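The structure appears below as structure tokens.
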Amino acid sequence: MKLHDVSWPSEAALKGGLLPWLETLPGASWLTLPGRDPNRHRVIVTLLHGNEPSGTNAFWHFVENTPECAVTTHFCLANVNAAKTNTPFTTRHLDGKPDMNRCFGRQGEDDSYEIADEILARITSLAPEAVVDLHNTSGTSPAFAVSIRDDDTHKQIASLFTKNMLCSDVRLGALMEMTSETSPIVTIECGGAGDRAAHDVAKKGLNDFMTAENLFQGHTGFWPIEMLYRPVRIQMQHDSALCYHDQKIDDADLTLAPDIDRHNFGRMAADTHIGWLGGRGLDALKTDDGKGGHPIASLFYEKDGELKLKAASKLFMITTRHDIALSDCLFYMVVD
Ligand SMILES: [Zn+2]
């Protein structure tokens with residue numbers, strides 16, 4: 001077994017603090033809190049990415065102030081090993097290991113695939129009425145939810161945390177792609193990993209998620225949901241060079257401003273300057289909308305070496321971390 005059952009932290013562990021307690025964990029960990037109705041279940045997954053602390057931070061808040069849960073509530077802290085490497089909460093996944101949120105429903109050699117399988121097996125056997133998977137964006141951002149389904153159940157879960165929801169056709173092997181009628185799964189991006197507000201989104205949303213008698217009617221946590229459809233994932237081509245700088249870098253295939261993440265979720269007009277291209281022009285970039293549409297030239301154009309927006313758009317999940325931009329993506333976008 002790669003997923004370990006761990007008991008709820010003791011008073012002594014609580015006094016010692018989160019980081020020393022994390023050090024004691026054997027790896028991917030599963031903790032269970034009893035609720036008023038022992039026969040119903042809800043699951044909170046977090047730390048699939050070791051550099052995204054809001055879910056774990058909220059978990060520790062609930063260790064300190066444990067609410068009366070409506071149903072049996074489970075916490076899964078997934079990539080604990082990455083989270084406690086080097087400076088805690090800075091490593092998305094260990095070197096040479098896959099991104100754990102790309103391993104669900106996928107086959108591979110690494111034990112990350114086994115952990116993903118075991119998490120899914122738990123979810124299947126418990127048949128929880130709802131699952132949330134808490135993340136942070138690497139750049140600063142408002143909170144938003146991501147789902148592959150556009151229905152009330154998924155929106156109601158999302159609405160405990162945020163008013164923005166993306167309905168995505170992109171398939172990467174993420175946990176939320178394993179959603180079902182019985183056990184709806186929604187990703188919550190709480191906001192930037194370094195944003196204080198993101199920790200509050202996680203705490204407030206989880207408090208409602210844990211205590212509401214019925215998640216699907218009559219709770220007070222609802223936000224009216226604003227949907228964004230078919231986000232397009234924008235990536236660099238494999239062998240291209242990326243720089244973050246406030247002016248064009250000559251050897252780079254793409255230069256982006258170091259504070260480009262300030263545009264997260266802002267409405268950007270057509271012709272907005274996004275960055276500077278190199279000798280390969282738009283060919284340095286590629287897109288994925290999950291359906292083979294939205295080629296790069298339908299979204300952007302090049303003028304005097306500048307990368308510009310073709311139409312009014314919203315950009316989100318903009319990272320300013322070079323390693324994540326290259327290994328994952330630069331950002332996602334939706335054309336207005
Ligand atoms: Zn994440």
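Within the stretch 55-93, work out how many residues are within 15 Å of the ligand (Cβ to nearest atom), out of contact with any Leu (no Cβ under 8 Å at 6 or more places or on another chain) and of a type in the set (A, V, I, L, M, F, W, C). Looking only at that region, the number is 1. Leu166 passes every criterion in (1) aliphatic (A, V, I, L, M); (2) closer than 20 Å to Leu330 by Cα; (3) open to solvent by 50 Å² or more (accessible area, probe 1.4 Å) apart from (3). Within the stretch 177-195, being polar (S, T, N, Q) and within 14 Å of the ligand (Cβ to nearest atom) holds for one residue alone: Thr187. Contact map, the stretch 154-179: residues that are under 22 Å from Ser313 (Cβ atoms) paired with residues that are open to solvent by less than 20 Å² (accessible area, probe 1.4 Å) and part of a loop (DSSP other than H, G, I, E, B), Cβ distance under 6 Å, separation 6+ or inter-chain. Pairs shown: Thr162/Ala143; Leu166/Pro231; Ser168/Pro231. When Arg321, Arg267 are screened for being of a type in the set (D, E, K, R), touching a strand residue (DSSP E or B) at 6+ places or on another chain (Cβ under 7 Å), in contact (Cβ under 8 Å) with a residue 60 or more places away in the chain and not assigned by TED's automatic domain parsing to the domain that holds Arg92, only Arg267 passes.
Screening Ala121, Ala145 for residues that are more than 22 Å from Ala325 (Cα to Cα) and either acidic (Asp, Glu) or modelled with pLDDT of 95 or more (or both) leaves exactly one candidate, Ala121. When Arg102, Arg40 are checked against the criterion of being more than 22 Å from the chain's Cα centre (by Cα) and either surrounded by 16 or more Cβ atoms within 10 Å (Cβ to Cβ) or in contact (Cβ under 8 Å) with a residue 40 or more places away in the chain (or both), a single residue qualifies: Arg40. Listed by first and then second residue, the pairs with beta-carbon distance under 8 Å, at least 6 apart or on different chains, first residue in the stretch 49-63 and over 9 Å from Cys190 (Cβ atoms), second among the basic types (Lys, Arg) and within 15 Å of the ligand (Cβ to nearest atom), are His49/Arg92; Gly50/Arg92; Asn51/Arg92. Within the stretch 29-44, is even one residue assigned by TED's automatic domain parsing to the domain that holds Met178, of a type in the set (S, T, N, Q), within 16 Å of the ligand (Cβ to nearest atom) and closer than 23 Å to Ile188 by Cα? The answer is no, given that none of the residues of the stretch 29-44 is assigned by TED's automatic domain parsing to the domain that holds Met178, of a type in the set (S, T, N, Q), within 16 Å of the ligand (Cβ to nearest atom) and closer than 23 Å to Ile188 by Cα.
The criterion of being within 16 Å of the ligand (Cβ to nearest atom), in a helix (DSSP H, G or I) and among the β-branched types (Val, Ile, Thr) does not hold for Ile123. Within the stretch 111-146, being polar (S, T, N, Q), open to solvent by less than 20 Å² (accessible area, probe 1.4 Å) and under 11 Å from the mean Cα position of the chain (by Cα) holds for Asn136, Thr137. Looking only at residues of the stretch 14-28 that are in contact (Cβ under 8 Å) with a residue 12 or more places away in the chain and surrounded by fewer than 17 Cβ atoms within 10 Å (Cβ to Cβ), we find that the one that is farthest from the ligand (Cβ to nearest atom) is Leu14.
The values are calculated or read from the model by the stated rules, or taken from the named source; none is laboratory data. The structure presented is a predicted model; accordingly, all values stated were derived computationally and were not measured. So basically every Cβ, Gly included, is an ideal-geometry build from the backbone, and we count neighbours across all protein chains shown. All accessible areas refer to the heavy atoms of the entire protein, side chains included, with ligands and DNA or RNA removed. Shrake-Rupley method; radii C 1.70, N 1.55, O 1.52, S 1.80 Å.
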